[in-house]
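Visitor: One structure coming up, written as structure tokens, with questions to follow.
Please treat every number below as a calculation from the coordinates, not as lab data. Quick caveat: nothing in here was measured; it's all calculated off a predicted structure. A quick note on method: Cβ atoms are made from the backbone with ideal geometry, for glycine too, and the neighbour counts reach across all protein chains shown.
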Amino acid sequence: MNNLLPYQDSILITCTIAAVALPLLAALVNFCLPVKSKVAGWVSALAILGSCVLAAKVFAGIWNNHDIHTQQVWFTIGSTKVFAGILLNNLSVLLLLLVSVIALPVHIYSTAYMKHDDRYSRYFTYLSFFCFSMLALVVVDSLVLFYAFWELVGFSSYLLIGFWFTRDKAVQANKKAFIINRIGDIGLLSAIIILFTQYHTFDIVTLFAEKGLISQSVVNNDLWIAPTGTLPVIWQYIACAGIFMAVAAKSAQFPLHTWLPDAMEGPTSVSALIHAATMVAAGVFLLGRVYPMFTQTELTALACIGCFTAFMAATIALTQNDLKRILAYSTISQLGFMILAMGVGAYSSSLFHLATHAFFKCLLFLVAGIVIHQMQHIKDDNNLDIDPQDISLMGGLRKRLPLTFITAVIAGLALIGLPLTSGYLSKDGILIQAFEWSDGKSIWFKIIPLTALLTSWLTAFYVVRLIVKVFFGEFRLLNIVPNIKEHITDGGWQYKLPLILLAVCCLFPLFSINPLSYEHAWLFNGLNISRLTKFESIYNLIIPVAVNVVSLGVMFFAFTIYSKPKTALFPQTGLFYQLSYNQWYFDAIYNRIIIKPILLLCRACFRFDRRIIDGFIHLLAHTSGYIAKLAMWTDRNIVDGFLHLMASIVQSIGNFARKFQNGKVQYYLFSMLLIVLALFILKILI
Amino acid sequence: MITLTDFMIVSAVLFCTGLYMIVSKQNAIQILIGIELILNAAILNMVAFGKYDRVNNGGQIFALFAIVLAAATTAVALAIILNVYRKYKTIDPGRIDKLRDE
């Protein structure tokens, strides 16, 4: 089939396949290397560099040009042919490039970060395997293949969360992540099955293209009518709910978000790549792929969920003390923004935010990695019993880690969404479009954009709190343990290069020439499916000004309260503080409502199994044992006894008869005499 | 007065003695003697019952024949025993077992 394509296209497809296959190759090579081999890091990094270059080439060829879709028959069941192939459009090449570009600095960073780990090459095996799964996920054109790579992404995430599997918390965390992702996978699988039942195809293009099957089907009179068949409308809802479940599990949306903060037990570089930038974006990507499926009502529900998640996670991030946990909740919050944007129809803004968020969140995690690494060194050098991730022990690190500090500030500003950063472009796009969306609807719909607005102010607060607590003031650990040796630095070039690379990507020029208007961003325009000319609403002026002025205020407020040495500002017993500090009690609630009943049920089943089923089987066993013993006794004593009796009778008769045949003439004569005598005696008697 | 019954008793004693010898002795010649004793018991019976045939004296004559035949058979038997002895170096009939079906 490739031969029919123009030469240029077949080159691009080859590049895509190579870009996807290189990390797999690296994973295989690393898998064969010895566990401690230091070559592994460079194998993986080179592979991802190759992927990156190829992805850039593909990106340049496809972006705003024309889509490429090529497929071949994969297998045939009956008359149904299942195709597998590659779909390259703006969305997939964007993700292809994004994933490889984010992965490259993370790989470089990891070579230094994991240097002393005992399972160095295993780490890179998993990391390359993840990159392969993720790159394949974004380019495949069949829902079945999509599902397969979706699973592989989840699996490699599982491996990496539990990379330090000797820690109990890591094991718990990867189990939790895996189970929650599984719930989402069930949703995706059922959605795929329903779609296949309705449309008889797995092909994403046939289903979701502009004139695809989905756009031709309507919901009418409780029936879901498509060119290929008709189903009750409930199935459409179930399919959408399934997709939503998958999205919620992968992108950590309420109510399936609880795994992401725990997933921070993995190495920090993994958190940066997988749990901040790429894998969690897979859910948003899925939404982007199947976007035409959702009806207006379902999109509104999506917006509500996204909005709630964003707000909830932001409030939780306000009070956490674990550095990575704050970033995790911040990730959840930003993912909530993306889902919200999808819900309000800001398709391109959502993906734009995905791209910008990937850079600055990855950068923040790498910064966190450096800080934690240095704290760990202090801890190890001085034999202290401290949590290296606790921000209440840090402070004043800006002089010790100057580059880390600068990049952290850039990433933080991007996360807050101040002008001149990439975050400003994407986040304000979402907010403006959310306000435009709520126009002309009832007053209740205003809640969503307003909450989003509030959330972005909260974001400003927690980011400043984080940066101030880590980098400003004085080193609080010195207050607790005065005489410690410390010689902490930014680290070697493997640390510095990724930071600089990502920090540059957090600034506006990469995305837009005009630093103040998201509508001029090339990424935004490239993804705009509707291509409607946005009317110049008043929001375009008000929202950015409102957001940024208040954000600046909040930042100043946060800065002043946290840069003071004494930090008992808020009552730590208040209801809201407790709610936030305990992460809205989600884990506790899930424990009580879901996990405990399930464990109880399991124990009950176990007992039922033990007592009743096993008991019944044991009873059967004992009964048949006794029956067998009885049968044995009968056999031995009665059947055998009878036979032995017969045998001994015959034997004794034989022995008796044998005596007369001993070959002695005299004896014969004697016998004869006896018989004659006996006859005579008998004759006399009778 | 010697009555018939006395002859009968003597004859019966002779017969039993002969029979006992045949059954119990381990010497072929003694067995032969036993046979002779039985024969003589029979002959004695014939002679004793001969008083009922005083005209022809059939009993006495038959007894004579029997004696002659007995002598002949004894001669043959002795010859056999002699040959048996030559072959087996024994005349114990219990140990002469080559005629038996193997």
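Visitor: Mind checking which of A:Val233, A:Met293, A:Ala252 is farthest towards the positive end of the protein assembly as shown's charge dipole, using Cβ charges of +1 (Lys, Arg) and -1 (Asp, Glu) about the Cα centre?
Guide: So the residue furthest toward the plus end is A:Ala252.
Visitor: May I pose another question? With r defined as the distance between the Cβ atoms of A:Val650 and A:Ser671 and R0 fixed at 25 Å, what FRET efficiency is calculated, to the nearest 0.05?
Guide: 0.70
Visitor: Along the positive direction of the dipole of chain A (beta-carbon charges: Lys, Arg +1; Asp, Glu -1; about the Cα centre), which of A:Ala84, A:Ala45, A:Phe196 reaches farthest?
Guide: Of the listed residues, the answer is A:Ala45.
Visitor: Report, to the nearest 10°, how far helix B:28-49 tilts away from the longest principal axis of the Cα atoms in chain B, using its own Cα long axis and a range of 0 to 90°.
Guide: Taking the Cα atoms of chain B, the angle to B:28-49 is about 10 degrees.
Visitor: To continue, here is another question. Along the Cα→Cβ direction, 7 angstrom out, place labels at A:Ile617 and A:His116. What is the inter-label distance in nm?
Guide: 5.1
Visitor: Continuing with this model, one more query. Report the calculated FRET efficiency for B:Ile80 and A:Ile686 (r = Cβ-Cβ distance, R0 = 45 Å), to the nearest 0.05.
Guide: The computed FRET efficiency comes out at 0.60.
Visitor: Could you size up the charge dipole of region B:4-89 around its Cα centre, putting +1 on the beta carbon of Lys and Arg and -1 on that of Asp and Glu, and report it in debye to the nearest 20?
Guide: Dipole of region B:4-89, to the nearest 20 debye: 380 debye.
Visitor: With N denoting the number of residues in region B:59-102, provide Rg(C-alpha) divided by 2.2 N^0.38 Å, to two decimal places.
Guide: 1.62
Visitor: Taking every Cα atom in region A:623-686, find the radius of gyration and the maximum pairwise distance Dmax, and write them in Å.
Guide: Using the Cα atoms of region A:623-686, the pair Rg, Dmax is 22.1, 65 Å.
Visitor: How well do other chains shield peptide A:655-662, expressed as the mean number of their Cβ atoms within 10 Å of each residue Cβ?
Guide: If you average over the peptide's residues, the count of other-chain Cβ atoms is 1.
Visitor: Calculate, in nm to one decimal, what A:Lys169 and A:Glu474 gain on full extension: separation in residues at 0.36 nm each, minus their alpha carbon distance.
Guide: Additional length available on full extension: 106.7 nm.
Visitor: Okay, next question. For region B:4-89, taking Cα atoms only, what is the radius of gyration to one decimal and the Dmax to the nearest whole Å?
Guide: Over region B:4-89's Cα set, Rg and Dmax evaluate to 15.2, 52 Å.
Visitor: Still on this structure, I have one more. Run through all the Cα pairs of region A:67-133 and give the fraction in each 5 Å bin from 0, expressed as whole percent.
Guide: It works out to 4, 13, 15, 15, 13, 12, 10, 9, 6, 2, 1, 0, in whole percents.
Visitor: Next question, about the same structure. On average, how many beta carbons from a partner chain sit within 10 Å of the beta carbon of a residue in A:665-678?
Guide: 2
Visitor: Rg and Dmax of region A:89-180, Cα atoms, in Å?
Guide: Computed over the Cα atoms of region A:89-180, radius of gyration and Dmax are 14.5, 43 Å.
Visitor: Report the longest stretch of chain A that contains none of the GluC sites (Glu not before Pro) sitting in a DSSP loop with at most 13 other Cβ atoms within 10 Å.
Guide: After excluding every exposed loop site, the longest remaining stretch is A:211-473.
Visitor: Compute the normalised compactness of region A:1-146: alpha-carbon radius of gyration over 2.2 N^0.38 Å, N being the residue count.
Guide: Working it through for region A:1-146, the quotient is 1.14.
Visitor: What's the magnitude of the charge dipole for chain A around its Cα centre, counting Lys and Arg as +1 and Asp and Glu as -1 at the beta-carbon? Answer in Debye, nearest 20.
Guide: Dipole about the Cα centre, nearest 20: 2100 debye.
Visitor: Can you tell me how much longer the chain between A:Arg603 and A:Asp439 gets when fully stretched, taken as 0.36 nm per residue apart minus their C-alpha distance, in nm with one decimal?
Guide: 53.7 nm
Visitor: To continue, here is another question. Volume per residue, Å³, of the convex hull around the alpha-carbon atoms of region A:12-88?
Guide: For region A:12-88, the hull spanned by Cα atoms encloses 93 Å³ per residue.
Visitor: Taking 2.2 N^0.38 Å as the expected size of a compact globular protein, what ratio does the Cα radius of gyration of chain A give against it, to two decimals?
Guide: Working it through for chain A, the quotient is 1.41.
Visitor: Another question, then. Pick out, from A:Ile443, A:Val554, A:Tyr113, the residue whose Cα sits farthest towards the positive end of the charge dipole of chain A, with +1 on the Cβ of Lys and Arg and -1 on the Cβ of Asp and Glu.
Guide: The Cα lying farthest towards the positive end belongs to A:Tyr113.
Visitor: Take every Cα pair under 8 Å in chain B that's 6+ residues apart, average their separations, divide by the length, and report that relative contact order as a whole percent.
Guide: Relative contact order comes out at 26 percent.
Visitor: Once you have the Kirkwood Rh of region A:551-686 from its Cα pairs, apply Stokes-Einstein at 37 °C and 0.692 mPa s and quote D in µm²/s.
Guide: 124
Visitor: Right, something else. Please tell me which of these pairs span more than 25 angstrom C-alpha to C-alpha: B:Lys25/B:Lys98; A:Lys36/A:Lys250; A:Lys175/A:Lys324; A:Lys399/A:Lys564?
Guide: A:Lys36/A:Lys250
Visitor: For B:20-26, what's the mean count of beta carbons from other chains sitting within 10 Å of each residue's beta carbon?
Guide: Average neighbour count from other chains, rounded to a whole number: 2.
Visitor: Counting only C-alpha contacts under 8 Å and six or more residues apart, can you give the relative contact order of chain A as a whole percent?
Guide: Contact order relative to length: 11 percent.
Visitor: Just tell me, in residue order, which DSSP H segments of chain A are both 20 angstrom or longer along the helix axis (alpha-carbon based) and at least 1.0 in mean Kyte-Doolittle hydropathy.
Guide: A:7-32, A:39-62, A:90-113, A:120-139, A:143-161, A:233-250, A:296-317, A:323-343, A:402-416, A:447-471, A:539-563, A:665-685
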